[in-house]
Amino acid sequence: ETLSERSLRAVAQFIKDGRAKRIVVMTGAGISTAAGIPDFRSPKTGLYHNLSRFNLPHPEAVFEIDFFRTNPEPFYLLAKELYPGNFSPTVSHAFIALLAKKGLLRMLFTQNIDCLERAAGVPSEKIVEAHGSFATQRCIECRTEFPDDLMREHVKRGEAPRCIRKGCGGLVKPDIVFFGEQLPEAFYNNISVPNTADLMLVMGTSLLVHPFAGLPRRAQEGVPRVLFNLERVGDMGSRADDVLVLGDCDSGIRKLADELGWRDELEALWRS
Ligand code: OAD
């Protein structure tokens, strides 16, 4: 038995003892790769590795608001691949929904724009979409909203839509947060929620993008922080009560569900 397996059992016991009633979960692109959506920074498979065809000054430029203003095409070509609708939640998404169902989820902070947490059944009032989502879109100049059905058509064709307000003509962008833009109000309104967590689960993120990456540090000393990720990231593992579950997150989550005796319930919820 490995140290992480032993520790995972301790985490399960902690939950079974009723000591974790305000669980805060943080997620990134790594929880959706098993659903077929590429992450950003994984070597070879990540989006940033595969952007060379667009001749960008640097890969992140595709999500920079100043670059978008003059050159929206690369983003819209990419949006075609990322647009929600063709993907189903993973077992890791279902686990977060299960925590909510059991009344143990205090809040989910996600960096993902794929809406798969909602699709898995996590109630929207428990979700902070820190980097926005593809659910709505608006003009970047006058902020006028743009209709969903027209948006879908443009994305399908890989074309940048223009504002529908007469005489505006500004570019339309999904309400996902670009580099150089403010995070949504909901993020700042809930930023101290992680300080009150009694257990923290961090899943599938490189913890490289701030301010999101600062959330795990908000856990009080002595609050267990569990990382489900392919690699060690951020300061995870630096505290005595940290648990590193390195590997693909679906396997790690299934092991935790086994330890909790929740495995059948989890699989049923995932398939439903
Ligand atoms: P990244 O691509 O930076 O990191 C994904 C992390 O998940 C990496 O550490 C991978 O090793 C890990 N990973 C991949 N597949 C996994 C799997 N099946 N199981 C477990 N771990 C896995 O994605 P994010 O951290 O989400 O922002 O990126 C943060 C932000 O950077 C994004 O929200 C986006 C991006 O630029 C904006 O566009 C504003």
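The values are calculated or read from the model by the stated rules, or taken from the named source; none is laboratory data. The shown structure was predicted, so the numbers you read here are calculated from the model rather than taken from an experiment. Note: ideal-geometry Cβ built from the backbone for every residue, glycine included; neighbour counts use all protein chains shown. What goes into the accessible areas is simple: the full protein's heavy atoms, side chains included, and nothing from ligands, DNA or RNA. Shrake-Rupley method; radii C 1.70, N 1.55, O 1.52, S 1.80 Å.
Magnitude of the charge dipole for the range 58-118, about its Cα centre and with charges confined to Cβ atoms of Lys, Arg (+1) and Asp, Glu (-1), is about 520 debye. Using 0.36 nm per residue and subtracting the Cα-Cα separation, the extra length available between residue 164 and residue 149 on full extension is 4.1 nm. Relative protection proxy for 195-201, 83-89, from highest mean packing down: 195-201, 83-89 (other beta-carbon atoms within 10 angstrom). Placing +1 on the Cβ of every Lys and Arg and -1 on the Cβ of every Asp and Glu, with no other charges, gives the chain a dipole of roughly 260 debye about its Cα centre.
So if we plug the beta-carbon distance of residue 192 and residue 102 into 1/(1 + (r/R0)^6) with R0 = 30 Å, what FRET efficiency do we get, rounded to 0.05?
Numbers: r = 24 Å, r/R0 = 0.79.
It comes out at approximately 0.80.
Computed packing ranks the peptides 178-186, 240-248 as 240-248, 178-186, most packed first, by mean other Cβ atoms within 10 Å.
Using a probe radius of 1.4 angstrom, the carbon and sulfur fraction of the accessible surface of the chain is 48%.
Identify all lysines with a Cα-Cα distance to residue 16 below 23 Å; exclude those on the same chain that are fewer than 8 residues away in sequence. Correct list for residue 16: 101, 102, 126, 255. If a spin label sat at a point 7 angstrom from the Cα of residue 220 along the line to its beta carbon, the backbone N atoms of the range 180-197 nearer than 18 Å would be those of 191-197. Counting only DSSP beta bridges with both residues in the range 14-161, the antiparallel share comes to about 10 percent. Taking 21 Å as the straight-line reach from the Cα of residue 156, the lysines in range (excluding those fewer than 8 positions away in the same chain) are 80, 173.
Where only protein heavy atoms count, and the probe is 1.4 Å, what is the accessible area per residue for the range 191-262 in Å²?
39 Å²
Between the range 155-208 and the range 44-114, the C-alpha centres lie 10 angstrom from each other.
Between amide H atoms placed 1.01 Å from N, distances below 5 Å from residue 137 occur with 146, 175, all of them 5 or more places distant or on a separate chain.
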